[in-house]
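All remarks here apply to the structure that follows.
The values are calculated or read from the model by the stated rules, or taken from the named source; none is laboratory data. Just so you know, these numbers come straight off a predicted model, no measurement behind them. Neighbour counts run over all protein chains shown; Cβ positions are idealised from the backbone, glycine included.
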Amino acid sequence: MTDITHASPGRPNSILAPDDRTRRRNAAEARFRLYGILAIGVAILALIFLLTSVVRNGAGAFTQTYISLEVALPADKLDKNGNRDPAEMAKVSTFGYKPLIKAAIQDAMAAQGIAIDGLKKPESLVSEDAAAQIRNYVLAHPEVIGGSRTFDMLASGRIDGFYKGRVTMQSAERDSNVSPEQLRLADALKEAGLVETRFNWNFILWPDASENRPEAAGLGVAIIGSLYMMFVVLALALPIGVAASIYLEEFAPRNWFTDLIEVNISNLAAVPSIVYGILGLALFINFGGLPQSAPIVGGLVLSLMTLPRIIIPARAAIQAVPPSIREAALGVGASKMQTVFHHVLPLAAPGILTGLIIGLAQALGETAPLLLIGMVAFVRDFPAAPPEGLFDPATALPVQIYNWTQRSDPAFVERASGAIIVLLVFLIVMNAVAIVLRRRFERRW
Amino acid sequence: MNEMRLTEREDVTMAESKISARGVQVYYGDNHAIKDVDVDIQDKTVTAFIGPSGCGKSTFLRCLNRMNDTIDICRVEGDIRLDNEDIYDKRVDPVQLRAKVGMVFQKPNPFPKSIYDNVAYGPRIHGLARSKAELDEIVEKSLRRGAIWDEVKDRLHAPGTGLSGGQQQRLCIARAVATEPEVLLMDEPCSALDPIATSQVEELISELKENFSVVIVTHSMQQAARVSQKTAFFHLGVLVEYGETAQIFTNPRDPRTESYITGRIG
Ligand SMILES: Nc1ncnc2c1ncn2[C@@H]1O[C@H](COP(=O)(O)OP(=O)(O)O)[C@@H](O)[C@H]1O
Ligand SMILES: [Mg+2]
């Protein structure tokens with residue numbers, strides 16, 4: 001007789017003790033979970049590394065050292081004929097103002113009783129930008145000539161770097177641009193309350209500055225250029241992309257032609273962005289006659305690049321709307337278009353939006369195609385208000401970053417990292433907007 | 001004199017049959033799904049289509065409001081007349097037709113909108129209400145006809161998808177009747193419902209026939225016997241037998257019908 005309490009071989013009769021198979025299965029499961037945790041751990045580490053390094057390098061760009069000095073504005077230097085004629089006063093170049101700054105520093109040293117042996121060129125504590133700053137002020141307010149006035153002047157890049165830890169006494173000895181004596185002078189002036197480090201709005205508001213004035217370089221033009229381009233991309237790629245997706249998903253017949261279009265859209269999404277730059281150069285600048293370096297051209301190129309990246313997720317979102325909703329709408333006598341616009345599109349909107357924002361974010365960070373259409377130029381003038389401003393030269397955030405990393409002064413490395421922070425903040429804001437919008441549309445019940 | 005009487009008589013029979021189909025063929029690509037079907041559907045009656053799965057009941061039903069137009073590979077031949085007008089005539093706008101021939105689907109499919117908006121959608125797009133008050137009236141009337149008014153009257157602005165399956169299906173029926181159709185097509189409206197919800201919907205169908213001509217596809221012979229006056233039995237795309245429900249179930253003429261209702265095929 002068979003003993004029915006004994007089950008098949010390998011299977012223990014107690015469920016309290018797991019059998020071999022179960023144990024192996026559980027081990028495999030635990031291993032798989034571990035791999036997952038490891039993968040996420042690596043990703044988080046990489047992210048932390050990226051953020052800390054960018055913040056460590058770039059945080060300095062958001063503060064700036066200022067030197068506040070009373071500058072005498074003698075009439076015999078600034079207005080030789082004493083007639084306050086703006087045309088004649090303008091003949092005194094920034095070069096003519098440099099001695100005034102030097103004198104101001106010497107005055108301050110005398111007033112504070114600061115004496116430093118072997119000090120040469122004390123005026124190079126102050127940025128080259130300061131002379132232009134004073135000149136502009138004097139030309140705008142000729143009445144100050146003959147008196148004196150306290151100016152808040154940018155410290156030069158090296159002095160600024162000294163208070164951010166980039167420049168030290170040791171490095172200054174080997175540096176032709178700054179000497180330890182100058183650093184000591186800066187410290188003495190700081191003691192006297194004339195040197196101050198504060199938040200650097202200029203970094204966000206001012207345009208780029210030349211090679212030897214990193215302390216005056218800002219992102220203003222780049223931010224405006226990027227905003228203009230995003231505006232163009234949004235205005236072009238959103239309606240065209242959504243319309244194309246709706247047509248392809250809901251209206252187009254399924255035949256070899258639409259298949260061909262579908263394949264091409266997928267391929268275009270994978271085309272390297274620099275190819276779009278070449279296309280833009282040929283199409284919009286050489287053929288279309290649009291100006292170089294203009295946000296309109298950048299926006300057009302980025303629109304072309306973004307379109308397939310918007311169409312693909314938009315089509316997926318439209319496809320994901322259950323067919324029963326379409327049948328329901330058609331069943332009560334809605335036309336095809338009413339079905340799409342009243343029912344399908346609202347349900348697909350969150351997905352379309354997500355794709356759109358990701359596309360825009362990619363466009364915002366895109367550099368290569370912009371280099372080809374001349375947006376890498378050095379632009380100091382702010383573009384005008386749109387729409388005319390779309391045709392004025394401008395740069396873009398990623399191009400500005402690329403530009404600054406090319407320059408030799410280490411202060412520009414700091415600026416570049418600061419610009420990366422600004423770019424990341426923009427991306428985070430865009431994603432936050434996407435999430436908020438998605439929540440609002442996603443009343444899916 | 002005689003001739004006149006003849007035409008008069010023909011008019012009467014015509015008026016009786018709301019929909020008449022002659023020689024209908026449906027192809028999905030190469031698949032011949034409906035083969036030469038003739039049928040007359042009467043007004044203010046419940047007509048049931050029964051038959052084994054895949055025999056073409058849904059396909060034929062969807063011909064009656066041209067829902068098959070939305071399927072690219074589907075081709076319909078033959079002659080289907082609603083009130084003696086060819087619904088496949090080139091001049092017919094399927095959208096207008098579907099307002100006259102409403103449809104309720106197998107799976108309840110309310111719009112992800114409020115209960116009110118679900119019902120009001122049809123009247124809105126067809127411009128049936130001139131004011132908010134009129135629309136409110138239509139919504140209430142339709143929900144009453146859908147036998148769901150009492151359950152939802154206090155939460156008309158709650159989402160329609162938050163209702164139970166049976167309530168959703170009655171909401172869909174209310175939505176379908178809100179456009180004042182003349183014919184109501186139902187494709188297995190109870191197959192996704194529990195027995196209690198099923199009996200509620202069946203009761204509702206019996207009431208609906210006072211105002212509409214109802215065509216219902218069902219896989220349940222009991223249901224067909226309970227709700228319908230006329231029954232059509234489909235098998236492999238062919239209309240095998242069509243007649244009074246009582247006759248089909250008690251005294252089928254075709255051996256295939258008999259095998260089906262006694263449970264030997266299907
Ligand atoms: N959308 C479709 N595309 C292709 N073939 C279909 C489609 N719908 C139904 N068919 C075919 O038509 C035949 C009848 O289907 P259907 O009308 O759904 O049957 P029933 O509703 O009686 O179960 C089946 O052979 C089915 O495969
Ligand atoms: Mg079916």
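Miscellaneous remarks
- When segment B:77-99 is limited to residues that are surrounded by 14 or more Cβ atoms within 10 Å (Cβ to Cβ) and in contact (Cβ under 8 Å) with a residue 60 or more places away in the chain, the one that is farthest from the other protein chains (Cβ to nearest Cβ) turns out to be B:Arg81.
- Of the residues examined, A:Asp79 is not one that is surrounded by fewer than 19 Cβ atoms within 10 Å (Cβ to Cβ), out of contact with any Leu (no Cβ under 7 Å at 6 or more places or on another chain) and more than 30 Å from A:Val413 (Cα to Cα).
- Filtered residues of segment A:59-99 (kept if free of Cβ contacts under 8 Å to residues at least 60 places away in the same chain and among the β-branched types (Val, Ile, Thr)): A:Val92, A:Thr94
- Selection of segment B:182-195 for residues being buried (at least 23 other Cβ atoms within 10 Å of the Cβ) and either within 12 Å of chain A (Cβ to nearest Cβ) or within 12 Å of ligand 2 (Cβ to nearest atom) (or both) yields B:Leu184, B:Leu185, B:Met186, B:Pro189.
- Matching option when the condition is under 19 Å from A:Ile67 (Cα atoms), of a type outside the set (Val, Ile, Thr) and in the same structural domain as A:Ile67 (by TED's automatic domain parsing), among A:Leu125, A:Leu139: A:Leu125
- On the stretch given as segment B:212-230, residues that are surrounded by 15 or more Cβ atoms within 10 Å (Cβ to Cβ) and away from ligand 2 (no atom under 16 Å from the Cβ) total 9.
- Cβ-Cβ under 6 Å pairs, at least 6 apart or on other chains, segment A:330-349 side facing chain B (nearest Cβ under 8 Å), far side of a type in the set (Lys, Arg) and buried (at least 19 other Cβ atoms within 10 Å of the Cβ): A:Gly333/B:Arg98
- Test: residue in segment A:396-404 that is farther than 23 Å from A:Val178 by Cα, under 14 Å from the mean Cα position of the chain (by Cα) and assigned to a loop (DSSP other than H, G, I, E, B): yes
- Within segment A:231-339, helices (runs of 4 or more DSSP H) holding 1 or more residues that are within 23 Å of A:Glu388 (Cα to Cα): A:273-280, A:295-319
- Yes/no for B:Ala120 being away from chain A (no Cβ under 14 Å) and not polar (S, T, N, Q): no
- Residue list for segment B:33-67, restricted to those being within 14 Å of chain A (Cβ to nearest Cβ), surrounded by 22 or more Cβ atoms within 10 Å (Cβ to Cβ) and in contact with a helix residue (DSSP H, G or I) (Cβ under 6 Å, 6 or more places away or on another chain): B:Arg62, B:Asn65
- From the list A:Ile285, A:Ile274, the one residue that fits, being modelled with pLDDT under 90, in the same structural domain as A:Gly418 (by TED's automatic domain parsing), out of contact with any Phe, Trp or Tyr (no Cβ under 7 Å at 6 or more places or on another chain) and within 17 Å of A:Val376 (Cα to Cα), is A:Ile285.
- Residue in segment B:147-159 that is touching a Leu at 6+ places or on another chain (Cβ under 8 Å) and either closer than 25 Å to A:Met337 by Cβ or facing chain A (nearest Cβ under 10 Å) (or both) present: no
- Residues located in segment B:43-57, provided they are closer than 20 Å to B:Glu202 by Cβ and small (Gly, Ala, Ser): B:Ala48, B:Gly51
- Whichever residue in segment A:377-395 is assigned to a loop (DSSP other than H, G, I, E, B) and free of Cβ contacts under 8 Å to residues at least 12 places away in the same chain and, among such residues, is farthest from A:Asp208 (Cα to Cα): A:Pro387
- For segment A:340-369, a residue qualifies if it is assigned to a loop (DSSP other than H, G, I, E, B) and farther than 17 Å from A:Asn431 by Cβ, and exactly one does: A:Thr367.
- Within segment A:199-234, the set of residues being more than 20 Å from A:Gln292 (Cα to Cα) and surrounded by fewer than 21 Cβ atoms within 10 Å (Cβ to Cβ) comprises A:Phe199, A:Trp201, A:Asn202, A:Ile204, A:Leu205, A:Trp206, A:Ser210, A:Glu211, A:Asn212, A:Arg213, A:Leu234.
- If you go through segment B:54-95 and pick out every residue that is more than 16 Å from ligand 1 (Cβ to nearest atom), in contact with a strand residue (DSSP E or B) (Cβ under 8 Å, 6 or more places away or on another chain) and among the basic types (Lys, Arg), you end up with 1.
- Which numbered condition A:Glu215 fails, given (1) assigned to a loop (DSSP other than H, G, I, E, B); (2) modelled with pLDDT under 85: (1)
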